[in-house]
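Student: Dropping a structure here in structure tokens format, bear with me for questions.
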Amino acid sequence: MGILVTGGAGFIGSHTCIELLNDGNEIIVVDNFSNSNPESLNRVCRITGKSIKIYHLDLLDLESLEEVFLVNQIEAVIHFAGLKAVGESVQDSLKYYKNNIATTIIICELMQKYSVKNLVFSSSATVYGLPDTVPISEGFPLKAINPYGRTKLMIEEILQDLYISDNEWSITILRYFNPIGAHESGMIGEDPSGTPNNLMPYITKVAVGQLNVLNIFGNDYPTIDGTGVRDYIHVVDLAIGHVLALDKTLKSTGVKIYNLGTGKGYSVLEVVSAFESATGVKIPIKITNPRPGDAAICYADPKKAEKELNWKAKKGIIEMCEDSWRWQSRNPDGFKINEESENPRLIYSEDFLIPNN
Ligand code: NAD
Ligand code: UDP
């Protein structure tokens, strides 16, 4: 029996693949590589010494996806695949509703058809909108404030309804706070296309000399130093959370919801300062206008995950900065392969890479 990982080539998916493989799972990845590179999975195989079955296909392609269910014995699905850029979701909302919501419905339909009723879903702290107080616990009111957030909220509601209609399902919804960092090997990490929207990849691009200055979006928030506060969580801690969530999902039916965060907030200036002391690299900054729709402070109450999943984030902000920097400094162009220095083929997985033209 295998675990189907949608979006497994992406930032969080690739790190989770490592933890799943190290935990002895067989994994099958489906990804259209719209926001990732198969090289990430090649490196997952090199890091773990294990192989992955990879399907290059779009989750909207129901027929091809059905093949995956027909050919493989699937025990559970971890559904990472989705688009995640808030700004783009405002500009092109239909693309987000189609890609995030329709894909989830398709995968759930197939899961239902083939009686694979165990699902772990990637949600986000964005479903809390602009919270009135912190720390944020799972029972807080939900209010998405942009199309991306609404896709996550709608999917959460769809999954709740799915369980009501068929209570053989076991669904775990994970609300991530701000994942940063990278695998300690420096071989995989976040590889955004174009100019990064998020803080840490922007900082590392400045540090590596590809961007000149970090624009800090506002310094007049009611926070320790006026800059926005977020709950940054190491992506490996997050990945380990998925392995524990999967175990829990396989043990009982129902819908369970967990925040995955550290419970501690850092301001933008604190993150810059942590990065500088962790790496010795100075980050030039410029204060600019606030970004519309940004919350002042957002951090998790992670107690429920600690109690029920036995999960707690272990890595601190300095480790997050060191690991982000190790990845970026060793791979200034992300997963783009230098043909001369590295073999660009999927060395462990090439037999399984199914091109979808
Ligand atoms: P990512 O873009 O790195 O990974 C997503 C993967 O899904 C990519 O490999 C992409 O190619 C694939 N994909 C997208 N649409 C697809 C489709 N139609 N068919 C097949 N593959 C498709 O993003 P990530 O940071 O790893 O995020 C994973 C999930 O976690 C997403 O659902 C995201 O919304 C959610 N999330 C991310 C963050 C964050 O800050 N990174 C925070 C909260 C929630
Ligand atoms: N931020 C910033 N400059 C950037 C990117 C982000 O000042 O180039 C700030 C942003 O206003 C927020 C924090 O950094 O206070 C984290 O932003 P990110 O986009 O990474 O996460 P999100 O706001 O989606 O939680």
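The values are calculated or read from the model by the stated rules, or taken from the named source; none is laboratory data. None of these values were measured; they are calculated from a predicted model. No Cβ is skipped: glycine too gets one built from the backbone with ideal geometry, and neighbour counts run over all protein chains shown. Heavy atoms of the whole protein, side chains included, go into the accessibility calculation; ligands, DNA and RNA do not. Shrake-Rupley method; radii C 1.70, N 1.55, O 1.52, S 1.80 Å.
Student: Which of the residues spanning segment 297-315 are under 21 Å from residue 14 (Cα atoms) and loosely packed, with under 14 Cβ neighbours inside 10 Å?
Tutor: Within segment 297-315, just 314 meets the criteria.
Student: Can you tell me which residue within segment 290-340, out of those that are of a type in the set (Asp, Glu) and not in a helix (DSSP H, G or I), is modelled with the lowest pLDDT?
Tutor: Among them, the one singled out is 340.
Student: Counting just the residues of segment 53-68 that are open to solvent by less than 20 Å² (accessible area, probe 1.4 Å) and without any contact (Cβ under 8 Å) to a residue 60 or more places away in the chain, which one comes out nearest to residue 6 (Cα to Cα)?
Tutor: Here the answer is 59.
Student: Looking only at segment 110-134, count how many residues are away from ligand 2 (no atom under 15 Å from the Cβ) and either within 18 Å of residue 246 (Cβ to Cβ) or touching a residue at least 12 places away in the same chain (Cβ under 8 Å) (or both).
Tutor: Filtering segment 110-134 for residues away from ligand 2 (no atom under 15 Å from the Cβ) gives 110-121, 132-133.
Subset that is either within 18 Å of residue 246 (Cβ to Cβ) or touching a residue at least 12 places away in the same chain (Cβ under 8 Å) (or both): 110-121.
Residues flagged as away from ligand 2 (no atom under 15 Å from the Cβ) and either within 18 Å of residue 246 (Cβ to Cβ) or touching a residue at least 12 places away in the same chain (Cβ under 8 Å) (or both) within segment 110-134 amount to 12.
Student: Looking at (1) within 16 Å of ligand 2 (Cβ to nearest atom); (2) of a type in the set (Ser, Thr, Tyr); (3) under 23 Å from residue 242 (Cβ atoms), find the lone condition where residue 172 falls short.
Tutor: Looking at each condition in turn, residue 172 falls short on (1).
Student: Can you say whether residue 92 is out of contact with any helix residue (DSSP H, G or I) (no Cβ under 6 Å at 6 or more places or on another chain) and more than 10 Å from ligand 1 (Cβ to nearest atom), as far as the supplied structure shows?
Tutor: yes
Student: Continuing with this model, one more query. Suppose we filter segment 7-52 for residues that are free of Cβ contacts under 8 Å to residues at least 60 places away in the same chain, open to solvent by less than 30 Å² (accessible area, probe 1.4 Å) and small (Gly, Ala, Ser); how many remain?
Tutor: Qualifying residue count for the region: 1.
Student: Could you pull out the residue among 256, 251 that is closer than 30 Å to residue 157 by Cα, open to solvent by less than 40 Å² (accessible area, probe 1.4 Å) and not β-branched (Val, Ile, Thr)? First the steps, then the outcome.
Tutor: On the way: 251 fails: open to solvent by less than 40 Å² (accessible area, probe 1.4 Å).
Selected residue: 256, the only one of 256, 251 that is closer than 30 Å to residue 157 by Cα, open to solvent by less than 40 Å² (accessible area, probe 1.4 Å) and not β-branched (Val, Ile, Thr).
Student: Which one of these is more than 13 Å from the chain's Cα centre (by Cα) and crowded, with 20+ Cβ neighbours inside 10 Å: 158, 188?
Tutor: Only one candidate qualifies: 188.
Student: Now, a different point. Considering only segment 166-176, state which residues are in contact with a Gly (Cβ under 9 Å, 6 or more places away or on another chain), open to solvent by less than 10 Å² (accessible area, probe 1.4 Å) and within 27 Å of residue 229 (Cβ to Cβ).
Tutor: Passing the criteria: 174, 175.
Student: So, in segment 129-155, exactly how many residues are open to solvent by 50 Å² or more (accessible area, probe 1.4 Å) and either closer than 15 Å to residue 293 by Cα or in a helix (DSSP H, G or I) (or both)?
Tutor: The qualifying residues number 6.
Student: From the list 29, 90, 68, which residue is of a type in the set (Val, Ile, Thr) and within 24 Å of residue 260 (Cβ to Cβ)?
Tutor: 29 is the lone residue from the list that is of a type in the set (Val, Ile, Thr) and within 24 Å of residue 260 (Cβ to Cβ).
Student: Further question on the same structure: If you take the residues of segment 216-227 that are under 25 Å from residue 327 (Cβ atoms) and open to solvent by less than 10 Å² (accessible area, probe 1.4 Å), which of them is farthest from ligand 2 (Cβ to nearest atom)?
Tutor: Only one residue tops the list, namely 227.
Student: Hey, another quick one. Just to check your reading of the model, which residue among 139, 87, 129 is at pLDDT below 95 and either of a type in the set (A, V, I, L, M) or more than 12 Å from ligand 1 (Cβ to nearest atom) (or both)?
Tutor: 87
Student: Is there any pair with a first residue in segment 261-287 that is under 17 Å from residue 207 (Cβ atoms) and a second that is open to solvent by 20 Å² or more (accessible area, probe 1.4 Å) and basic (Lys, Arg) whose Cβ atoms are under 7 Å apart and which are 6 or more apart or on different chains, and what are they?
Tutor: Taking only residues 6 or more apart or on different chains, the pairs are 276/282.
Student: Looking at 194, 181, 189 in this structure, which one is farther than 20 Å from residue 301 by Cα, within 15 Å of ligand 1 (Cβ to nearest atom) and without any contact (Cβ under 8 Å) to a residue 12 or more places away in the chain?
Tutor: Unique residue meeting the criteria: 194.
Student: If I filter segment 111-126 down to residues being near ligand 1 (Cβ under 9 Å from one of its atoms) and assigned to a helix (DSSP H, G or I), which single residue comes out as least open to solvent (accessible area, probe 1.4 Å)?
Tutor: Among those that are near ligand 1 (Cβ under 9 Å from one of its atoms) and assigned to a helix (DSSP H, G or I), it is 125.
Student: In addition: In this structure, does residue 257 turn out to be of a type outside the set (S, T, N, Q), in contact (Cβ under 8 Å) with a residue 12 or more places away in the chain, farther than 29 Å from residue 334 by Cα and within 16 Å of ligand 1 (Cβ to nearest atom)?
Tutor: Answer is yes for this residue.
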